[in-house]
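Asks: Got a structure here, written out as C-alpha coordinates. Questions coming.
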Amino acid sequence: MNKLFIVDDDMQTCNLLRTVGETVFTFVEVYQQGSVFLQQKLTDQDVILLDLMMPDLDGVEIIRYLAKGQSKATLILISGYDRGVLHAAEALAQDHGLTVAGNFIKPISTSELKQLLISLRSSIKAPPMVTKTIIQTQPLTTKVTFVPNEEDLRIAIQKKQLVLHYQPQINLKKQTIVGVEALVRWLHPSHGLIYPDKFITLAEQSGLIEQLTEEVINLAVAQSQQWKEQAITIKISINISAQNITSLFFPEQLGKLVQKFLLDPSMFVFEVTESALMGNILTSLDILTRLRLKGFQLSIDDFGTGFSSLSLLHKIPFTELKIDQSFVLNVVNDTESRAIVETCVMLGHKLNMEVVAEGIENKATFDCLLDMGCDIAQGYYIAKPMTASALNTWVNKMKTNEIFD
Ligand code: C2E
Ligand code: MG
Ligand code: MG
(Lines give C-alpha, C1' and ligand atoms only; values in the text may rest on other atoms or scores of the structure.)
(Ligands and ions follow the chains in the order given, each with its own letter.)
Protein backbone atom coordinates (compact mmCIF):
# COMPACT_ATOMS: atom_id res chain seq x y z
CA MET A 1 0.00 0.00 0.00
CA ASN A 2 1.40 3.47 -0.79
CA LYS A 3 2.13 5.94 1.96
CA LEU A 4 2.24 9.69 2.10
CA PHE A 5 5.28 11.10 3.89
CA ILE A 6 5.16 14.69 5.09
CA VAL A 7 8.57 16.21 5.78
CA ASP A 8 8.39 19.75 7.16
CA ASP A 9 9.88 21.34 10.28
CA ASP A 10 6.87 23.59 10.85
CA MET A 11 4.25 21.92 13.07
CA GLN A 12 1.35 24.04 11.78
CA THR A 13 2.10 23.17 8.16
CA CYS A 14 2.48 19.50 9.11
CA ASN A 15 -0.98 19.50 10.70
CA LEU A 16 -2.53 21.14 7.67
CA LEU A 17 -0.82 18.75 5.26
CA ARG A 18 -1.80 15.76 7.39
CA THR A 19 -5.47 16.84 7.38
CA VAL A 20 -5.46 17.09 3.58
CA GLY A 21 -3.33 13.94 3.14
CA GLU A 22 -5.55 11.76 5.30
CA THR A 23 -8.55 12.44 3.08
CA VAL A 24 -6.69 10.75 0.22
CA PHE A 25 -4.13 8.33 1.71
CA THR A 26 -4.76 5.59 4.29
CA PHE A 27 -1.22 5.81 5.65
CA VAL A 28 0.27 9.21 6.42
CA GLU A 29 3.54 9.72 8.32
CA VAL A 30 4.86 13.08 9.49
CA TYR A 31 8.55 13.94 10.04
CA GLN A 32 9.78 17.25 11.36
CA GLN A 33 13.41 16.28 10.90
CA GLY A 34 14.85 15.34 7.53
CA SER A 35 17.50 13.09 9.08
CA VAL A 36 14.82 10.97 10.81
CA PHE A 37 12.77 10.76 7.61
CA LEU A 38 15.78 9.41 5.72
CA GLN A 39 15.93 6.40 8.04
CA GLN A 40 12.52 5.22 6.80
CA LYS A 41 12.12 2.53 4.18
CA LEU A 42 10.52 3.93 1.03
CA THR A 43 8.76 2.07 -1.77
CA ASP A 44 8.27 3.11 -5.39
CA GLN A 45 4.59 3.77 -4.66
CA ASP A 46 5.18 6.34 -1.91
CA VAL A 47 4.59 10.08 -2.19
CA ILE A 48 6.75 12.60 -0.30
CA LEU A 49 5.64 16.12 0.48
CA LEU A 50 9.00 17.78 1.05
CA ASP A 51 9.66 21.22 2.50
CA LEU A 52 12.85 22.70 1.07
CA MET A 53 13.75 24.91 4.01
CA MET A 54 14.49 22.85 7.13
CA PRO A 55 17.05 23.43 9.87
CA ASP A 56 18.87 20.08 10.13
CA LEU A 57 18.87 18.68 6.60
CA ASP A 58 17.43 20.93 3.93
CA GLY A 59 15.27 19.72 1.02
CA VAL A 60 18.13 19.82 -1.47
CA GLU A 61 20.23 17.54 0.74
CA ILE A 62 17.30 15.15 1.04
CA ILE A 63 16.91 15.20 -2.76
CA ARG A 64 20.57 14.24 -3.04
CA TYR A 65 20.15 11.33 -0.62
CA LEU A 66 17.04 10.08 -2.39
CA ALA A 67 18.85 10.25 -5.73
CA LYS A 68 21.80 8.33 -4.33
CA GLY A 69 19.43 5.55 -3.25
CA GLN A 70 17.81 5.71 -6.74
CA SER A 71 14.44 6.31 -5.11
CA LYS A 72 11.40 5.91 -7.36
CA ALA A 73 9.03 7.58 -4.88
CA THR A 74 7.13 10.65 -6.11
CA LEU A 75 8.10 14.06 -4.75
CA ILE A 76 6.00 17.16 -4.23
CA LEU A 77 8.13 20.15 -3.27
CA ILE A 78 7.08 22.92 -0.90
CA SER A 79 8.76 26.22 -0.20
CA GLY A 80 8.11 29.36 1.75
CA TYR A 81 10.49 31.14 -0.62
CA ASP A 82 9.96 32.33 -4.17
CA ARG A 83 9.19 30.18 -7.18
CA GLY A 84 12.78 30.50 -8.37
CA VAL A 85 13.99 28.30 -5.51
CA LEU A 86 11.25 25.77 -6.19
CA HIS A 87 12.05 25.59 -9.90
CA ALA A 88 15.75 25.18 -9.24
CA ALA A 89 15.12 22.37 -6.76
CA GLU A 90 12.68 20.70 -9.14
CA ALA A 91 15.18 20.85 -12.00
CA LEU A 92 17.90 19.47 -9.76
CA ALA A 93 15.70 16.56 -8.63
CA GLN A 94 14.73 15.76 -12.21
CA ASP A 95 18.35 15.92 -13.37
CA HIS A 96 19.09 13.38 -10.65
CA GLY A 97 16.41 11.09 -12.14
CA LEU A 98 13.77 11.66 -9.42
CA THR A 99 10.06 12.08 -10.15
CA VAL A 100 8.57 15.45 -9.17
CA ALA A 101 4.80 15.65 -9.50
CA GLY A 102 4.40 19.29 -8.51
CA ASN A 103 5.44 22.16 -6.30
CA PHE A 104 3.68 24.50 -3.88
CA ILE A 105 4.47 27.89 -2.43
CA LYS A 106 3.34 28.53 1.14
CA PRO A 107 0.54 29.32 2.00
CA ILE A 108 -0.48 26.10 0.29
CA SER A 109 -3.73 25.90 -1.62
CA THR A 110 -5.31 22.86 0.05
CA SER A 111 -7.78 22.27 -2.77
CA GLU A 112 -4.99 22.17 -5.40
CA LEU A 113 -2.90 19.90 -3.19
CA LYS A 114 -5.83 17.53 -2.63
CA GLN A 115 -6.47 17.41 -6.37
CA LEU A 116 -2.85 16.51 -7.04
CA LEU A 117 -2.80 13.84 -4.32
CA ILE A 118 -5.99 12.27 -5.71
CA SER A 119 -4.50 12.13 -9.22
CA LEU A 120 -1.28 10.63 -7.86
CA ARG A 121 -3.16 8.11 -5.73
CA SER A 122 -4.92 6.77 -8.81
CA SER A 123 -2.00 6.97 -11.25
CA ILE A 124 0.74 5.44 -9.11
CA LYS A 125 1.55 1.91 -10.22
CA ALA A 126 -0.07 -1.00 -8.44
CA PRO A 127 2.17 -2.68 -5.85
CA PRO A 128 4.74 -5.23 -7.12
CA MET A 129 2.66 -8.35 -6.36
CA VAL A 130 -0.14 -7.21 -8.64
CA THR A 131 2.27 -5.96 -11.31
CA LYS A 132 3.84 -9.40 -11.42
CA THR A 133 0.56 -11.12 -12.21
CA ILE A 134 -0.08 -8.58 -14.95
CA ILE A 135 3.33 -9.27 -16.48
CA GLN A 136 2.64 -13.00 -16.45
CA THR A 137 -0.56 -12.53 -18.42
CA GLN A 138 1.25 -10.56 -21.14
CA PRO A 139 1.71 -12.46 -24.42
CA LEU A 140 5.28 -13.60 -25.03
CA THR A 141 5.53 -11.55 -28.22
CA THR A 142 5.80 -8.19 -26.40
CA LYS A 143 7.03 -5.51 -28.84
CA VAL A 144 10.72 -4.78 -28.44
CA THR A 145 11.71 -1.13 -28.89
CA PHE A 146 14.09 -0.65 -31.79
CA VAL A 147 17.43 0.84 -30.78
CA PRO A 148 19.28 1.64 -34.00
CA ASN A 149 23.05 1.33 -34.28
CA GLU A 150 25.53 3.11 -36.55
CA GLU A 151 25.24 0.51 -39.32
CA ASP A 152 21.42 0.73 -39.34
CA LEU A 153 21.63 4.50 -39.72
CA ARG A 154 24.29 4.33 -42.44
CA ILE A 155 22.04 1.98 -44.43
CA ALA A 156 19.03 4.23 -43.81
CA ILE A 157 20.85 7.22 -45.30
CA GLN A 158 22.12 5.19 -48.28
CA LYS A 159 18.72 3.66 -48.95
CA LYS A 160 17.02 7.05 -48.76
CA GLN A 161 14.83 6.10 -45.81
CA LEU A 162 15.04 9.59 -44.31
CA VAL A 163 12.06 11.83 -44.98
CA LEU A 164 11.14 15.36 -43.97
CA HIS A 165 8.01 16.47 -42.20
CA TYR A 166 7.17 20.14 -42.25
CA GLN A 167 5.70 22.12 -39.37
CA PRO A 168 4.07 25.44 -40.30
CA GLN A 169 5.24 28.73 -38.86
CA ILE A 170 2.72 31.54 -39.04
CA ASN A 171 2.79 35.30 -38.66
CA LEU A 172 0.98 35.85 -35.36
CA LYS A 173 -0.68 39.11 -36.32
CA LYS A 174 -1.69 38.33 -39.88
CA GLN A 175 -2.21 34.61 -39.27
CA THR A 176 -0.60 33.72 -42.59
CA ILE A 177 2.01 31.05 -43.21
CA VAL A 178 5.56 32.36 -43.52
CA GLY A 179 7.62 29.21 -43.34
CA VAL A 180 8.02 25.65 -42.18
CA GLU A 181 10.55 23.86 -40.03
CA ALA A 182 11.88 20.76 -41.77
CA LEU A 183 12.05 17.93 -39.23
CA VAL A 184 13.74 14.69 -40.18
CA ARG A 185 12.09 11.29 -39.68
CA TRP A 186 13.32 7.83 -40.51
CA LEU A 187 10.79 5.75 -42.41
CA HIS A 188 12.00 2.30 -41.42
CA PRO A 189 10.70 -0.62 -43.56
CA SER A 190 9.81 -2.75 -40.52
CA HIS A 191 9.80 -0.37 -37.53
CA GLY A 192 7.75 2.42 -39.09
CA LEU A 193 8.30 6.12 -38.48
CA ILE A 194 11.23 6.82 -36.15
CA TYR A 195 11.62 10.29 -34.58
CA PRO A 196 14.88 12.26 -34.45
CA ASP A 197 15.34 11.84 -30.69
CA LYS A 198 16.18 8.18 -31.50
CA PHE A 199 18.94 8.85 -34.03
CA ILE A 200 20.32 12.42 -34.11
CA THR A 201 22.66 11.83 -31.15
CA LEU A 202 23.78 8.56 -32.76
CA ALA A 203 24.47 10.45 -36.00
CA GLU A 204 26.45 13.08 -34.10
CA GLN A 205 28.48 10.54 -32.16
CA SER A 206 29.24 8.31 -35.15
CA GLY A 207 30.16 11.10 -37.55
CA LEU A 208 27.17 10.30 -39.77
CA ILE A 209 25.67 13.73 -39.09
CA GLU A 210 27.44 15.25 -42.12
CA GLN A 211 25.80 12.75 -44.46
CA LEU A 212 22.49 13.08 -42.63
CA THR A 213 22.48 16.88 -42.91
CA GLU A 214 23.49 16.68 -46.57
CA GLU A 215 20.50 14.42 -47.22
CA VAL A 216 18.18 16.72 -45.24
CA ILE A 217 19.41 19.76 -47.19
CA ASN A 218 18.95 17.95 -50.53
CA LEU A 219 15.41 16.98 -49.58
CA ALA A 220 14.61 20.53 -48.43
CA VAL A 221 16.06 22.06 -51.61
CA ALA A 222 14.04 19.65 -53.77
CA GLN A 223 10.90 20.59 -51.84
CA SER A 224 11.61 24.28 -52.13
CA GLN A 225 12.01 23.88 -55.87
CA GLN A 226 8.62 22.16 -56.11
CA TRP A 227 6.97 24.95 -54.14
CA LYS A 228 8.63 27.50 -56.39
CA GLU A 229 7.19 25.76 -59.44
CA GLN A 230 3.75 25.90 -57.81
CA ALA A 231 4.32 29.62 -57.04
CA ILE A 232 4.13 28.93 -53.29
CA THR A 233 6.42 31.15 -51.21
CA ILE A 234 7.44 29.30 -48.04
CA LYS A 235 10.72 29.62 -46.17
CA ILE A 236 12.29 26.38 -44.95
CA SER A 237 14.12 26.16 -41.64
CA ILE A 238 16.74 23.41 -41.39
CA ASN A 239 18.35 22.20 -38.16
CA ILE A 240 22.12 21.88 -38.21
CA SER A 241 24.39 20.27 -35.64
CA ALA A 242 27.67 21.40 -34.13
CA GLN A 243 29.73 19.23 -36.52
CA ASN A 244 28.08 20.85 -39.53
CA ILE A 245 29.61 24.18 -38.61
CA THR A 246 33.15 22.88 -38.59
CA SER A 247 33.59 22.44 -42.34
CA LEU A 248 34.77 25.70 -43.84
CA PHE A 249 33.41 24.61 -47.25
CA PHE A 250 29.84 24.40 -45.96
CA PRO A 251 28.76 27.91 -47.11
CA GLU A 252 30.27 27.45 -50.60
CA GLN A 253 28.64 24.04 -51.07
CA LEU A 254 25.28 25.42 -50.02
CA GLY A 255 25.67 28.51 -52.14
CA LYS A 256 26.36 26.35 -55.22
CA LEU A 257 23.42 24.06 -54.48
CA VAL A 258 20.82 26.83 -54.35
CA GLN A 259 22.40 28.52 -57.40
CA LYS A 260 22.11 25.28 -59.36
CA PHE A 261 18.34 25.24 -58.81
CA LEU A 262 18.02 29.03 -59.16
CA LEU A 263 16.58 29.32 -55.64
CA ASP A 264 16.66 32.37 -53.41
CA PRO A 265 19.03 31.69 -50.46
CA SER A 266 16.93 33.91 -48.17
CA MET A 267 14.22 31.24 -48.34
CA PHE A 268 16.47 28.98 -46.23
CA VAL A 269 16.95 29.46 -42.50
CA PHE A 270 19.64 27.48 -40.72
CA GLU A 271 18.82 26.74 -37.10
CA VAL A 272 21.75 26.35 -34.71
CA THR A 273 21.44 25.73 -30.98
CA GLU A 274 23.45 27.70 -28.44
CA SER A 275 25.29 24.59 -27.33
CA ALA A 276 26.35 23.82 -30.92
CA LEU A 277 28.24 27.11 -30.87
CA MET A 278 30.24 26.32 -27.80
CA GLY A 279 32.85 24.25 -29.65
CA ASN A 280 35.26 26.09 -31.91
CA ILE A 281 33.74 29.53 -31.77
CA LEU A 282 36.10 31.07 -34.33
CA THR A 283 35.31 28.47 -36.99
CA SER A 284 31.57 28.68 -36.29
CA LEU A 285 31.74 32.46 -36.49
CA ASP A 286 33.55 32.24 -39.84
CA ILE A 287 31.06 29.76 -41.31
CA LEU A 288 27.91 31.42 -40.02
CA THR A 289 29.02 34.86 -41.14
CA ARG A 290 29.72 33.56 -44.65
CA LEU A 291 26.32 31.84 -44.74
CA ARG A 292 24.75 35.25 -44.05
CA LEU A 293 26.96 36.89 -46.68
CA LYS A 294 25.61 34.38 -49.20
CA GLY A 295 22.08 35.46 -48.30
CA PHE A 296 20.99 32.55 -46.07
CA GLN A 297 19.15 33.26 -42.84
CA LEU A 298 20.31 32.15 -39.40
CA SER A 299 18.25 31.25 -36.39
CA ILE A 300 19.33 30.62 -32.82
CA ASP A 301 17.24 27.60 -31.77
CA ASP A 302 16.04 26.57 -28.28
CA PHE A 303 17.13 30.01 -27.06
CA GLY A 304 17.44 30.27 -23.31
CA THR A 305 18.46 26.68 -22.60
CA GLY A 306 22.13 26.76 -23.56
CA PHE A 307 25.05 28.54 -22.00
CA SER A 308 25.80 31.20 -24.56
CA SER A 309 26.59 34.72 -23.52
CA LEU A 310 24.93 37.78 -24.93
CA SER A 311 28.13 38.59 -26.79
CA LEU A 312 27.46 35.59 -29.01
CA LEU A 313 24.25 37.25 -30.17
CA HIS A 314 26.26 40.36 -30.84
CA LYS A 315 29.01 38.54 -32.77
CA ILE A 316 26.95 36.13 -34.87
CA PRO A 317 24.60 37.73 -37.39
CA PHE A 318 21.45 35.83 -36.46
CA THR A 319 18.29 36.93 -38.23
CA GLU A 320 15.92 35.01 -35.97
CA LEU A 321 15.62 34.13 -32.31
CA LYS A 322 13.65 31.02 -31.47
CA ILE A 323 12.49 30.92 -27.87
CA ASP A 324 12.73 27.47 -26.35
CA GLN A 325 9.44 25.66 -25.99
CA SER A 326 9.97 24.97 -22.28
CA PHE A 327 9.32 28.68 -21.60
CA VAL A 328 6.55 29.01 -24.19
CA LEU A 329 4.64 26.00 -22.81
CA ASN A 330 4.32 27.67 -19.40
CA VAL A 331 3.91 31.29 -20.47
CA VAL A 332 0.29 31.57 -19.35
CA ASN A 333 0.57 30.21 -15.81
CA ASP A 334 4.16 30.75 -14.79
CA THR A 335 5.30 34.30 -14.06
CA GLU A 336 9.00 33.52 -14.56
CA SER A 337 8.48 31.83 -17.93
CA ARG A 338 6.41 34.83 -18.94
CA ALA A 339 9.18 37.22 -17.88
CA ILE A 340 11.75 35.20 -19.85
CA VAL A 341 9.58 35.10 -22.98
CA GLU A 342 8.87 38.85 -22.75
CA THR A 343 12.57 39.56 -22.36
CA CYS A 344 13.45 37.33 -25.33
CA VAL A 345 10.91 39.15 -27.52
CA MET A 346 12.36 42.51 -26.49
CA LEU A 347 15.96 41.36 -26.89
CA GLY A 348 15.30 39.87 -30.33
CA HIS A 349 13.60 43.02 -31.56
CA LYS A 350 16.31 45.32 -30.19
CA LEU A 351 18.85 43.25 -32.13
CA ASN A 352 16.72 43.37 -35.29
CA MET A 353 15.81 39.73 -35.21
CA GLU A 354 12.46 38.11 -35.86
CA VAL A 355 11.24 36.27 -32.81
CA VAL A 356 9.71 32.81 -33.12
CA ALA A 357 7.87 31.02 -30.32
CA GLU A 358 7.74 27.26 -30.67
CA GLY A 359 5.67 24.84 -28.60
CA ILE A 360 2.39 26.79 -28.75
CA GLU A 361 -0.18 24.19 -27.72
CA ASN A 362 -3.33 26.20 -27.04
CA LYS A 363 -5.21 29.42 -27.77
CA ALA A 364 -4.34 31.04 -24.44
CA THR A 365 -0.61 30.71 -25.21
CA PHE A 366 -1.13 31.96 -28.76
CA ASP A 367 -3.01 35.05 -27.51
CA CYS A 368 -0.41 35.72 -24.84
CA LEU A 369 2.41 35.72 -27.41
CA LEU A 370 0.40 37.92 -29.72
CA ASP A 371 0.02 40.43 -26.85
CA MET A 372 3.74 40.32 -26.20
CA GLY A 373 4.48 41.28 -29.80
CA CYS A 374 6.14 38.01 -30.80
CA ASP A 375 6.38 37.70 -34.60
CA ILE A 376 6.08 34.05 -35.55
CA ALA A 377 4.26 31.10 -34.00
CA GLN A 378 4.92 27.39 -34.29
CA GLY A 379 3.27 24.60 -32.32
CA TYR A 380 0.66 21.88 -32.13
CA TYR A 381 -2.12 24.48 -31.69
CA ILE A 382 -1.38 25.68 -35.22
CA ALA A 383 -0.34 22.35 -36.75
CA LYS A 384 1.82 19.31 -36.07
CA PRO A 385 4.68 18.44 -38.43
CA MET A 386 3.28 16.80 -41.58
CA THR A 387 4.24 15.50 -45.02
CA ALA A 388 4.64 17.94 -47.90
CA SER A 389 1.37 16.84 -49.50
CA ALA A 390 -0.54 17.22 -46.22
CA LEU A 391 1.00 20.67 -45.95
CA ASN A 392 -0.41 21.66 -49.36
CA THR A 393 -3.90 20.74 -48.14
CA TRP A 394 -3.28 22.59 -44.87
CA VAL A 395 -2.14 25.74 -46.68
CA ASN A 396 -5.36 25.72 -48.73
CA LYS A 397 -7.44 25.31 -45.57
CA MET A 398 -5.50 28.13 -43.94
CA LYS A 399 -6.48 30.44 -46.79
CA THR A 400 -10.13 29.86 -45.94
CA ASN A 401 -9.49 30.24 -42.20
CA GLU A 402 -10.35 26.66 -41.34
CA ILE A 403 -7.32 25.73 -39.29
CA PHE A 404 -8.27 26.88 -35.80
CA ASP A 405 -11.67 25.08 -35.79
P1 C2E B 1 13.71 21.42 -32.52
O2 C2E B 1 14.56 21.90 -33.63
O3 C2E B 1 13.62 22.31 -31.31
O4 C2E B 1 12.29 21.13 -33.13
C5 C2E B 1 11.08 21.31 -32.48
C6 C2E B 1 10.53 20.02 -31.92
O7 C2E B 1 9.40 20.34 -31.13
C8 C2E B 1 10.05 19.05 -32.98
O9 C2E B 1 10.22 17.72 -32.49
C10 C2E B 1 8.55 19.38 -33.05
O11 C2E B 1 7.76 18.31 -33.54
C12 C2E B 1 8.26 19.64 -31.59
N13 C2E B 1 7.09 20.51 -31.40
C14 C2E B 1 6.62 21.45 -32.22
N15 C2E B 1 5.53 22.05 -31.73
C16 C2E B 1 5.31 21.49 -30.52
C17 C2E B 1 4.31 21.71 -29.50
O18 C2E B 1 3.40 22.52 -29.61
N19 C2E B 1 4.42 20.95 -28.38
C20 C2E B 1 5.42 20.02 -28.22
N21 C2E B 1 5.45 19.32 -27.09
N22 C2E B 1 6.38 19.80 -29.17
C23 C2E B 1 6.31 20.53 -30.31
P24 C2E B 1 10.93 16.59 -33.36
O25 C2E B 1 10.50 16.64 -34.77
O26 C2E B 1 10.76 15.30 -32.60
O27 C2E B 1 12.44 17.04 -33.33
C28 C2E B 1 13.19 17.02 -32.15
C29 C2E B 1 14.55 17.63 -32.34
O30 C2E B 1 15.35 16.83 -33.23
C31 C2E B 1 14.52 19.01 -32.98
O32 C2E B 1 14.22 19.98 -32.00
C33 C2E B 1 15.95 19.11 -33.50
O34 C2E B 1 16.83 19.48 -32.47
C35 C2E B 1 16.26 17.68 -33.88
N36 C2E B 1 16.12 17.54 -35.36
C37 C2E B 1 15.01 17.36 -36.10
N38 C2E B 1 15.33 17.30 -37.41
C39 C2E B 1 16.68 17.47 -37.49
C40 C2E B 1 17.63 17.51 -38.58
O41 C2E B 1 17.28 17.44 -39.77
N42 C2E B 1 18.94 17.69 -38.25
C43 C2E B 1 19.36 17.84 -36.96
N44 C2E B 1 20.66 18.02 -36.74
N45 C2E B 1 18.50 17.80 -35.92
C46 C2E B 1 17.18 17.62 -36.19
MG1 MG C 1 14.72 23.56 -34.62
MG1 MG D 1 13.71 24.21 -30.82
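The values are calculated or read from the model by the stated rules, or taken from the named source; none is laboratory data. Note that the structure is predicted; figures quoted are calculated from it, not measured. All Cβ positions, even for glycine, are placed from backbone atoms using ideal geometry, and neighbour counts span all protein chains on display. Heads up: the accessible areas ignore ligands, DNA and RNA and are worked out on the full protein's heavy atoms, side chains in. Shrake-Rupley method; radii C 1.70, N 1.55, O 1.52, S 1.80 Å.
Asks: As a test of reading the structure, rank Met54, Met346 by solvent-accessible area (1.4 Å probe, protein chains only), most first.
Replies: Met346, Met54
Asks: While we're looking at this one, here's another question. Which whole-Hz ³J(HN,Hα) couplings does the range 16-31 yield from phi under the Karplus relation 6.51 cos²θ - 1.76 cosθ + 1.60, θ = phi - 60°, glycine and proline marked x?
Replies: Values per residue, Gly and Pro as x: 5, 5, 5, 4, 5, x, 6, 6, 10, 9, 6, 10, 10, 10, 10, 10 Hz.
Asks: Among residues other than Ile194 whose Cβ falls under 13 Å from its Cβ, what is the net charge (Lys/Arg +1, Asp/Glu -1)?
Replies: Its environment carries a net charge of 0.
Asks: Mind listing the phi-derived Karplus ³J(HN,Hα) values for the range 311-325, rounded to whole Hz, using 6.51, -1.76 and 1.60 with θ = phi - 60°, and x for any glycine or proline?
Replies: The phi angles translate into 5, 5, 5, 6, 7, 9, x, 5, 9, 9, 10, 10, 6, 4, 5 Hz.
Asks: What is the dipole size for the range 3-123, taken about its Cα centre, with +1 at each Lys and Arg Cβ and -1 at each Asp and Glu Cβ, in debye to the nearest 20?
Replies: 360 debye
Asks: With +1 on the Cβ of every Lys and Arg and -1 on the Cβ of every Asp and Glu, and nothing else charged, how large is the dipole of the chain about its Cα centre, in debye rounded to the nearest 20?
Replies: That gives a dipole near 1100 debye.
Asks: Out of the trypsin sites (Lys or Arg not before Pro) in the range 157-258, which ones are loop residues according to DSSP with at most 15 other C-beta atoms within 10 Å?
Replies: The qualifying sites are Lys159, Lys160, Lys173, Lys174.
Asks: Quote the FRET efficiency, to the nearest 0.05, computed for Gln211 versus Ala91 with a Förster distance R0 of 41 Å and r equal to the Cβ-Cβ distance.
Replies: 0.70
Asks: Report the antiparallel proportion of the DSSP beta bridges in the chain as a percent, rounded to a multiple of 5.
Replies: Percent antiparallel among DSSP bridges in the chain is about 25.
Asks: Quick check: net charge around Phe327, other residues with Cβ under 12 Å of its Cβ, Lys/Arg +1 and Asp/Glu -1?
Replies: -4
Asks: On the protein heavy atoms, probe 1.4 angstrom, tell me the percent of accessible surface of the range 3-123 carried by carbon and sulfur.
Replies: In the range 3-123, the share of accessible area belonging to carbon and sulfur is 50 percent.
Asks: Let me ask something else. What FRET efficiency, computed as 1/(1 + (r/R0)^6) with R0 = 35 Å and r the Cβ-Cβ distance, is obtained for Thr387 and Asn333, rounded to the nearest 0.05?
Replies: E between Thr387 and Asn333, to the nearest 0.05, is 0.55.
Asks: I would also like to ask the following. Rounding to the nearest 10 and keeping the result within 0 to 90°, find how far the Cα-based axis of helix 335-350 lies from the longest principal axis of the chain.
Replies: So the inclination is approximately 20 degrees.
Asks: Considering only DSSP beta bridges with both partners in the range 3-123, what is the antiparallel share in %, to the nearest 5?
Replies: 0 percent
Asks: Counting only Cα, what are the radius of gyration and maximum Cα-Cα distance Dmax of the range 152-399, in Å?
Replies: 17.6, 50
Asks: Say each of Ser309 and Gln70 gets a label point 7 Å from the Cα, pointing the same way as Cα to Cβ; how far apart are those two points in nm?
Replies: Those two pseudo-labels are separated by 4.1 nm.
Asks: With every protein chain left in place, what is the accessible area per residue of the range 3-123 in square angstrom, probe 1.4 Å?
Replies: Dividing the accessible area of the range 3-123 by its residue count gives 50 Å².
Asks: At a 1.4 Å probe, what is the % contribution of carbon and sulfur to the accessible area of the range 152-399?
Replies: Reported share for carbon and sulfur atoms: 54 percent.
Asks: Determine the gain in length on full extension of the stretch Met53-His188; use 0.36 nm per residue of separation and subtract their C-alpha separation, reporting nm with one decimal.
Replies: Between Met53 and His188, full extension yields an extra 43.5 nm.
Asks: Give a residue-ordered list of calculated ³J(HN,Hα) values for the range 247-260 (Karplus: 6.51 cos²θ - 1.76 cosθ + 1.60, θ = phi - 60°; whole Hz; x for Gly, Pro).
Replies: Once rounded to whole Hz, the list reads 8, 5, 7, 3, x, 5, 4, 5, x, 5, 4, 5, 5, 4.
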